[in-house]
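The values are calculated or read from the model by the stated rules, or taken from the named source; none is laboratory data. Keep in mind that what you see is a predicted model, and the values were worked out from it rather than measured. Methodologically, a virtual Cβ is constructed for each residue, glycine included, from the backbone with ideal geometry; neighbour enumeration extends over all protein chains shown.
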Amino acid sequence: MFKKILIANRGEIACRVIATAKRMGILTVAVYSDADKDARHVQLADEAVLIGPAASRESYLVADKIIAACKATNAQAIHPGYGFLSENEAFAKRCEDEGIAFIGPGSQSIAAMGDKIASKKLATKAGVNTIPGVNEAIASAEKAVEIAKGIGYPVMIKASAGGGGKGLRVAYNDKETLEGFTSCTNEAKNSFGDDRVFIEKFVEEPRHIEIQVLGDSHGHVIYLNERECSIQRRHQKVIEEAPSPFISEETRAKMGEQAVALAKAVNYKSAGTVEFVVGRDQSFYFLEMNTRLQVEHPVTECITGLDLVEWMIRIAYGEHLTLKQSDVKRNGWAIECRINAEDPLRNFLPSTGRLVHFQPPPQTMFQGDTQHLNGIRVDTGVSDGGEIPMHYDSMIAKLIVHGADRGDAIAKMKEALNGFVIRGVNSNIAFQSALLAHPQFVSGQFNTGFIAEHYPKGFTKNSSHHPDPDFLIALAAFVRRKSRERATNLTGQLPGYDVKIGESYVVIELSPKGEHRHVNVQVDEYSGRNGLAVITVEGKNYSIESDSRLSDIKITGTLNGHPFAAQVDRGSDKNPLVLEVTHSGCSLSALVVSPRMAELYKLMPFKAPPDLSRFVLSPMPGLLADVLVTPGQKVQMGERVAIIEAMKMENVLVAAQTGVVKAVLAKKGESLSVDQLIVEFEKE
């Protein structure tokens with residue numbers, strides 16, 4: 001077996017590979033950029049080598065630096081993780097030429113499957129179902145429109161070398177095809193150095209289901225069941241699960257057999273994934289083959305009990321795949337939620353900065369350990385106090401649960417999300433909670449258009465509905481009562497002016513528009529049991545018991561005898577007494593005061609926020625790639641105004657209304673902060 005391997009990646013996947021390598025007794029070498037010098041993967045590895053500046057094109061994408069680091073540390077093999085150089089044919093070939101084992105497929109397999117145009121031709125030859133379309137690179141936007149009309153809308157425009165949702169657009173008309181072709185070619189060139197795109201028919205109401213394959217260098221290939229990846233936003237996966245709640249045993253077997261046939265056709269060795277689009281009649285068509293480890297591989301590990309990273313290493317060493325197809329298990333149900341640094345309330349735009357608080361739920365399953373299942377696992381490359389830099393993708397962590405069945409897995413995931421504390425950057429946890437609670441998700445009746453259909457205007461605080469909203473009010477009252485108890489113990493209080501705990505409170509549910517709701521509550525403390533109180537909200541009793549400290553963001557305990565986890569933030573920029581209670585994807589901003597204070601609060605004037613409608617503001621930190629308007633120009637509503645690049649994605653800002661540009665307040669190439677003014681329009 002290898003004595004030492006280098007991981008040519010960063011973040012959670014680098015940490016994931018290190019975990020298995022350590023269990024196998026293999027030494028590890030990390031590589032890192034200037035931005036990652038204090039990163040978790042650097043700390044976990046046995047050795048670490050600096051390979052360049054923060055920009056990935058000057059560090060993680062430079063093959064010469066990776067190879068040099070490998071030789072300098074006497075590593076025998078390189079695991080590329082996913083992204084960066086993982087599917088780079090030239091890099092894999094370079095490793096082969098240098099006598100370094102590439103822990104992945106051979107360069108010829110990567111070449112065959114890495115080009116989407118060529119891979120579709122190979123798939124057809126191997127007897128794999130493929131989608132109707134034009135598999136040749138398209139020369140111009142005008143030609144793209146002509147082809148799209150011939151195929152029939154809707155169509156999918158895809159970068160030949162694309163992946164991860166980059167260089168991909170769906171077009172429903174000529175205008176969207178023109179714009180989509182331009183955006184796809186730009187993103188593909190910037191991300192992959194290859195601006196070729198092609199067009200194929202977009203299957204409506206599709207499901208995205210993929211088959212995990214595993215092959216060795218001796219011609220033996222098996223499939224490890226499927227993963228359901230239909231919950232996507234902008235063609236990027238949000239929730240993955242295994243198995244799929246949709247396909248039949250017959251369809252599973254047919255898809256698996258075709259995936260194996262394709263892998264054998266390209267002499268595939270290592271772990272790989274064959275992606276299919278599946279129609280509601282269970283017809284399925286080949287999309288692409290990812291010649292690497294997938295982000296969502298943990299759900300397959302949970303239901304099969306196999307460590308995919310270990311098998312990748314063993315296969316790269318030349319070992320035989322000892323598993324037969326009949327040995328592959330399908331035990332229970334697993335779900336993975338991608339926890340990303342993005343703001344759902346700002347159309348999921350990237351959020352960067354320091355993780356002031358990072359407290360994942362307690363783990364009972366771990367990377368590189370397939371013996372302890374049926375629990376919670378967190379794969380991450382960050383820790384409390386770490387940084388989420390703007391130079392890389394937005395993933396903070398992967399939250400994985402394994403249950404006896406789908407209902408059990410959903411319940412576990414809901415509670416895990418409730419207890420996942422992230423502060424300092426915005427995250428999509430609330431959105432994930434809302435998705436898991438949606439009846440259509442729970443029923444398993446969804447497709448890749450699920451998010452677009454149910455959240456057409458994006459995600460807002462009103463997008464999700466708590467099954468018992470008065471629980472949030474009760475918890476706010478419980479926390480406030482606890483703080484009053486502590487205040488009574490403060491020394492130096494003047495007689496007659498000392499703090500009174502009280503039992504009657506008013507919870508003022510704050511509204512950004514000033515339409516506050518006042519709710520009378522009663523809090524009865526049980527002196528015999530510390531941390532237990534019964535809160536009465538509009539005639540309904542909530543028995544809450546918790547020994548969480550007042551300084552804790554995460555509040556754990558029991559509600560009417562059942563365990564719960566919720567989060568409470570104390571104080572805001574405007575009022576230190578405000579409590580922000582979060583549970584099941586829903587939030588409540590509230591003041592908990594005495595009845596007399598509530599009466600006085602009603603007399604307070606409401607100050608509306610300033611009107612910024614005539615400005616275009618930067619919704620995120622990033623690079624202002626282009627400004628598309630000039631002073632004096634009349635701009636129509638929906639017209640493109642500026643382009644911001646952040647976390648490897650191109651984000652287009654459009655005019656919210658028709659108007660005349662008064663001034664351009666930021667320059668092309670400028671680094672922007674959140675809410676920085678970019679364009680000002682004339683007053684009407």
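One residue stands out in region 64-90 among those that are of a type in the set (D, E, K, R) and outside any loop (DSSP other than H, G, I, E, B): the one that is farthest from Ala45 (Cα to Cα), namely Glu89. Looking at Leu677, Leu623, which one is closer than 30 Å to Gly83 by Cβ and outside the structural domain of Asn190 (by TED's automatic domain parsing)? Criteria check complete, one pass: Leu623. Any residue at all in region 641-661 that's in a strand (DSSP E or B), in contact with a Leu (Cβ under 8 Å, 6 or more places away or on another chain) and small (Gly, Ala, Ser)? Yes - at least one qualifying residue is present in region 641-661. Counting only residues that are part of a loop (DSSP other than H, G, I, E, B), over 22 Å from Asn340 (Cα atoms), without any contact (Cβ under 8 Å) to a residue 12 or more places away in the chain and not polar (S, T, N, Q), region 432-484 holds 1 of them. For region 213-235, the set of residues classified as part of a loop (DSSP other than H, G, I, E, B) and either aliphatic (A, V, I, L, M) or under 25 Å from the mean Cα position of the chain (by Cα) (or both) consists of Arg234, His235, listed by residue number. Taking the criterion of being among the aromatic types (Phe, Trp, Tyr) and either within 17 Å of Asp379 (Cα to Cα) or surrounded by fewer than 22 Cβ atoms within 10 Å (Cβ to Cβ) (or both), the residues of region 414-446 that qualify are Phe420, Phe441. When His208 is tested against the conditions (1) under 19 Å from Lys125 (Cα atoms); (2) at pLDDT 90 or above, the lone failure is (1). Pairs linking a residue in region 184-213 that is more than 18 Å from Lys143 (Cβ to Cβ) to a residue that is aromatic (Phe, Trp, Tyr), with Cβ atoms under 6 Å and 6 or more positions apart or on different chains, are Arg207/Phe246; Ile209/Phe276; Ile211/Tyr223; Val213/Tyr223.
Among the conditions (1) buried (at least 21 other Cβ atoms within 10 Å of the Cβ); (2) within 23 Å of Gly25 (Cα to Cα), the only one that Gln294 does not satisfy is (2). Quick check: is even one residue across region 208-215 touching a Ser or Thr at 6+ places or on another chain (Cβ under 6 Å) and among the charged types (D, E, K, R)? So far as region 208-215 goes, yes, one or more of its residues are touching a Ser or Thr at 6+ places or on another chain (Cβ under 6 Å) and among the charged types (D, E, K, R). Report yes if some residue within region 1-18 is farther than 20 Å from Lys398 by Cα, at pLDDT 95 or above, β-branched (Val, Ile, Thr) and more than 20 Å from the chain's Cα centre (by Cα); otherwise report no. Yes, some residue in region 1-18 is farther than 20 Å from Lys398 by Cα, at pLDDT 95 or above, β-branched (Val, Ile, Thr) and more than 20 Å from the chain's Cα centre (by Cα).
The rows are residues; the columns are (1) within 14 Å of the chain's Cα centre (by Cα); (2) under 16 Å from Ala334 (Cα atoms); (3) not assigned by TED's automatic domain parsing to the domain that holds Val568.
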residue: Gly407; (1), (2), (3): no, yes, yes
residue: Glu415; (1), (2), (3): no, yes, yes
residue: Asn418; (1), (2), (3): no, no, yes
residue: Val421; (1), (2), (3): no, no, yes
residue: Ser427; (1), (2), (3): yes, no, yes
residue: Ala437; (1), (2), (3): no, no, yes
residue: Phe441; (1), (2), (3): no, yes, yes
residue: Gln445; (1), (2), (3): no, no, yes
residue: Phe459; (1), (2), (3): no, no, yes
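Please work out if Ala45 is surrounded by fewer than 17 Cβ atoms within 10 Å (Cβ to Cβ) and either over 19 Å from Tyr317 (Cα atoms) or under 24 Å from the mean Cα position of the chain (by Cα) (or both). So Ala45 does not fit the description; no. Looking at Arg406, is it closer than 14 Å to Glu336 by Cβ and of a type outside the set (S, T, N, Q)? Answer is yes for this residue. When region 357-384 is filtered for residues that are of a type outside the set (S, T, N, Q) and within 17 Å of Lys554 (Cβ to Cβ), the ones remaining, listed by number, are His357, Phe358, Pro360, Pro361, Pro362, Ile376, Val378, Asp384. Filtering region 168-210 to residues that are crowded, with 18+ Cβ neighbours inside 10 Å and among the aromatic types (Phe, Trp, Tyr) leaves Phe181, Phe192, Phe198, Phe202.
Pull up region 341-365, narrow it to residues that are at pLDDT 95 or above and over 25 Å from Ser551 (Cα atoms), then point me to the one that is surrounded by the fewest Cβ atoms within 10 Å (Cβ to Cβ). Result: Thr364.
Conditions (1) part of a helix (DSSP H, G or I); (2) within 29 Å of Gly407 (Cα to Cα); (3) in contact with a Cys (Cβ under 7 Å, 6 or more places away or on another chain), marked per residue:
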| residue | (1), (2), (3) |
| --- | --- |
| Ala159 | no, no, yes |
| Phe181 | yes, no, no |
| Glu187 | yes, no, no |
| Asn190 | yes, no, no |
| Ile211 | no, yes, no |
| Glu240 | no, yes, yes |
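Only one of the listed residues (Lys121, Lys93) is under 18 Å from Ile313 (Cα atoms), in a helix (DSSP H, G or I) and over 28 Å from the mean Cα position of the chain (by Cα). That residue is Lys93. Could you tell me whether region 420-432 includes any residue that is among the polar types (S, T, N, Q) and over 30 Å from Lys37 (Cα atoms)? Yes: one or more hits. Can you find even one residue in region 404-420 that is polar (S, T, N, Q), modelled with pLDDT of 95 or more and closer than 23 Å to Glu509 by Cβ? Checking region 404-420: at least one residue is polar (S, T, N, Q), modelled with pLDDT of 95 or more and closer than 23 Å to Glu509 by Cβ. Within region 571-586, being modelled with pLDDT of 85 or more, surrounded by 13 or more Cβ atoms within 10 Å (Cβ to Cβ) and more than 13 Å from Ile508 (Cα to Cα) holds for Thr582, His583, Ser584, Gly585, Cys586.
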